[in-house]
Amino acid sequence: MNMTLLRTSEAFNMDKTVVSQLSKEKVYETSQLNLWYGEKHALKNIELDIHQNEVTAIIGPSGCGKSTYLKTLNRMVELTPDVRTSGEIKYRNRNILDKSYKVEELRTQVGMVFQKPNPFPKSIYENVAYGPKIHGIRNKKVLDEVVEKSLRGAAIWDEVKDRLHDNAYGLSGGQQQRLCIARCLAIEPDVILMDEPTSALDPISTLKVEELVQQLKEHYSIIIVTHNMQQAARISDRTAFFLNGEVIEYNNTNTIFSRPSDQRTEDYISGRFG
Amino acid sequence: MKLIDKTIVAKKMPIRLVRNTILKGLFFLATTFGLLVLGILLYRIFAQGIGYLDWDFFQNFASRRPEEAGIKAALIGSIWLMIVVAPVALLLGLGTAIYLEEYAKKNWFTSFIKLNISNLAGVPSIIFGLLGLTIFVRALALDRSVLAAGLTMSLLVLPVIIVAAQEAIRSVPRELREASYGMGATKWQTIVRVVLPAAIPGILTGSILALSRAVGETAPLVVVGIPMFIAFLPKNVFDTFTVLPMQIYNWTSRPQEEFQSVAAAGILVLLFLLIFMNSIAVFIRNKFQKRY
């Protein structure tokens, strides 16, 4: 069904907006999600679907819950003490908030790239091989191939191929972040979560990471939290606007940025607050 | 209109600079004082003890005649003590620290336990001696053995090791743990592959300093009843033995003048042992740090 629709869309050369309105397969389906940090109600009745092979941007002012939502998608939020949730998040039709869903299992499918580049104090090779190794891959040849493929995938292979066994801390900030993306690709995930991945980078490194995200969406579904609205507009297919723990508006990126339906969205993207 | 009167600034300037210079001098003197005392101590001991420090000194057992007195039993005894204390204290201490920092829920009970472990680190060593006497020597009937003394010493240094390891573990950045968890690593994999390698220099430094304390400590062993005069070597952990500080204490309490010099030679041996242990700590620390 989906395939037919997609082929039709290509045949008629429809514009991007229409294509993404056609129902691509859903990776995540969030319904009635509520989350509390102690007494603080951080996420309120979130309804949000994430689609396959798209870049979904989450924007909103500081403290609006966008990072919290992202971290709920791989249950990283549980590392914070005193967190309660209700509602459900279905990943590939299975509720991940169910206690029987093991986080380790979820996180082999859902990789994460963090705000600050956080390579391990190990060699470049060891950083990328870390994921496969903890999942029990021991074969040296397989590991070598995974490392090369992942580093190529993160567009950093040419810069590091001659010094794979040097310490990752010797790389620049932008290179470190792409290494972290490579490390994430090495577990061959289905979804990649990115929590403001360029906020600590200079403009050129930011551009490289943005280009990379565009390439990666061919094979992965990407959800990116960003403070930078131009970035959201440049790289995402859909955008969700969060405010005070609620989803105010969720639509195609073009629509959100050209004719938002909610006044608060318009105020935010035109820089009137936040 | 300017709020700051520049003439006041100019007037205050010299006194600020003088005060800075005086304080720098005071802090320098404070540092020198410690070094000076150490220097005098070392000089005295060297001058007094170096004459007795020969091969025979290491070959002979304790004796009533100073010229025949040797340190063999005490030196070997101290090494035996280490063989018991090191694994027991390290395993228990590291295990406790990992549990408290990584696994335990952060609630008032955990804080209470942490606080009390820090308090234990400040309990006088003689109290640990009494504890060892009650539990290991009497209740478990281990008598005055290497094992009883070793376990007592382990209890003594355990809090120090736990606190040092906790601090080292806590100083590993949260981001590194998150990176590991984010790839589906279990807690244990994260601890073994990320947390411990980053924390090991701190853990080792703290632990070896704690073990040095165990080598130099006397009071708990006096309470446990370890003999001061012994002319044989322990064959296993259930034999009785003596250690360097006990032997030195014994020599200093002898009436003959010559035994003071024998004691000084013993102190030299103890000092070298401690310096050796600390340099192992430094060596391991540098080796691990180079890898990163």
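A few points about this structure:
- Listed by first and then second residue, the pairs with beta-carbon distance under 7 Å, at least 6 apart or on different chains, first residue in the range B:48-63 and farther than 18 Å from B:Glu257 by Cβ, second surrounded by fewer than 17 Cβ atoms within 10 Å (Cβ to Cβ), are B:Asn60/B:Glu68; B:Phe61/B:Ala231.
- Only a single item in (1) surrounded by 18 or more Cβ atoms within 10 Å (Cβ to Cβ); (2) of a type in the set (A, V, I, L, M); (3) at pLDDT 85 or above; (4) over 19 Å from B:Leu142 (Cα atoms) is not met by B:Ala47, and it is number (1).
- Residue count for the range A:129-182, restricted to those that are among the aliphatic types (A, V, I, L, M), surrounded by fewer than 16 Cβ atoms within 10 Å (Cβ to Cβ) and not in a helix (DSSP H, G or I): 1.
- Residue list for the range B:174-197, restricted to those being open to solvent by 40 Å² or more (accessible area, probe 1.4 Å) and either touching a residue at least 12 places away in the same chain (Cβ under 8 Å) or charged (D, E, K, R) (or both): B:Arg174, B:Glu175, B:Lys187, B:Arg193
- Filtering the range A:222-234 to residues that are at pLDDT below 95 and either of a type in the set (D, E, K, R) or in contact with an Asp or Glu (Cβ under 8 Å, 6 or more places away or on another chain) (or both) leaves A:Thr226, A:His227, A:Gln231, A:Arg234.
- Checking A:Thr56 against (1) among the β-branched types (Val, Ile, Thr); (2) open to solvent by less than 40 Å² (accessible area, probe 1.4 Å); (3) modelled with pLDDT under 95, the condition it does not meet: (3)
- Breaking point among (1) without any contact (Cβ under 8 Å) to a residue 60 or more places away in the chain; (2) away from chain B (no Cβ under 13 Å); (3) among the hydrophobic types (A, V, I, L, M, F, W, C), for A:Ala168: (2)
- Each residue in the range A:214-254 was checked for being open to solvent by less than 10 Å² (accessible area, probe 1.4 Å) and acidic (Asp, Glu), and 0 pass.
- Considering only residues in the range A:192-213 that are within 12 Å of another protein chain (Cβ to nearest Cβ) and not in a loop (DSSP other than H, G, I, E, B), the one that is nearest to A:Asn53 (Cα to Cα) turns out to be A:Ile192.
- The residue list A:Lys66, A:Lys90 contains one member that is touching a Gly at 6+ places or on another chain (Cβ under 8 Å) and more than 17 Å from B:Thr190 (Cβ to Cβ), which is A:Lys66.
- For the range B:241-292, the tally of residues that are closer than 28 Å to B:Val137 by Cβ and hydroxyl-bearing (Ser, Thr, Tyr) stands at 4.
- Any chance A:Glu211 is open to solvent by 40 Å² or more (accessible area, probe 1.4 Å), out of contact with any Pro (no Cβ under 7 Å at 6 or more places or on another chain) and of a type in the set (Asp, Glu): yes
- Hits in the range A:68-92 (condition: within 12 Å of chain B (Cβ to nearest Cβ) and over 27 Å from A:Pro132 (Cβ atoms)): A:Thr80, A:Pro81, A:Asp82
- Test: B:Phe272 is surrounded by fewer than 16 Cβ atoms within 10 Å (Cβ to Cβ), more than 14 Å from every other protein chain (Cβ to nearest Cβ) and part of a loop (DSSP other than H, G, I, E, B): no
- When A:Lys141, A:Lys102 are checked against the criterion of being more than 23 Å from the chain's Cα centre (by Cα) and either more than 7 Å from every other protein chain (Cβ to nearest Cβ) or small (Gly, Ala, Ser) (or both), A:Lys141 stands alone in meeting it.
- Among the numbered conditions (1) more than 11 Å from every other protein chain (Cβ to nearest Cβ); (2) open to solvent by 20 Å² or more (accessible area, probe 1.4 Å); (3) under 14 Å from the mean Cα position of the chain (by Cα), the only one that A:Asn95 does not meet is (3).
- Of the candidates B:Val237, B:Val163, the single residue that is open to solvent by 10 Å² or more (accessible area, probe 1.4 Å), touching a strand residue (DSSP E or B) at 6+ places or on another chain (Cβ under 7 Å) and under 21 Å from B:Val88 (Cα atoms) is B:Val237.
- Residue within the range B:87-104 that is among the aromatic types (Phe, Trp, Tyr), out of contact with any Lys or Arg (no Cβ under 9 Å at 6 or more places or on another chain) and within 18 Å of B:Pro220 (Cα to Cα) present: no
- Test: residue in the range A:196-206 that is within 23 Å of A:His41 (Cα to Cα) and surrounded by fewer than 23 Cβ atoms within 10 Å (Cβ to Cβ): yes
- B:Lys235 being within 17 Å of B:Ala73 (Cα to Cα) and free of Cβ contacts under 8 Å to residues at least 60 places away in the same chain: yes
- Test: residue in the range B:93-107 that is assigned by TED's automatic domain parsing to the domain that holds B:Ile267 and either touching a Leu at 6+ places or on another chain (Cβ under 6 Å) or under 14 Å from B:Ala265 (Cα atoms) (or both): yes
- In the range B:144-203, of all residues being away from chain A (no Cβ under 12 Å) and charged (D, E, K, R), the one that is nearest to B:Ala219 (Cα to Cα) corresponds to B:Arg144.
The values are calculated or read from the model by the stated rules, or taken from the named source; none is laboratory data. Quantities reported herein were computed from a predicted structural model and do not represent experimental measurements. Here the Cβ is made from the backbone with ideal geometry for all residues, glycine too, and neighbour counts use every protein chain on show. In case anyone asks, the SASA skips ligands and DNA or RNA and just uses the protein heavy atoms, side chains included. Shrake-Rupley method; radii C 1.70, N 1.55, O 1.52, S 1.80 Å.
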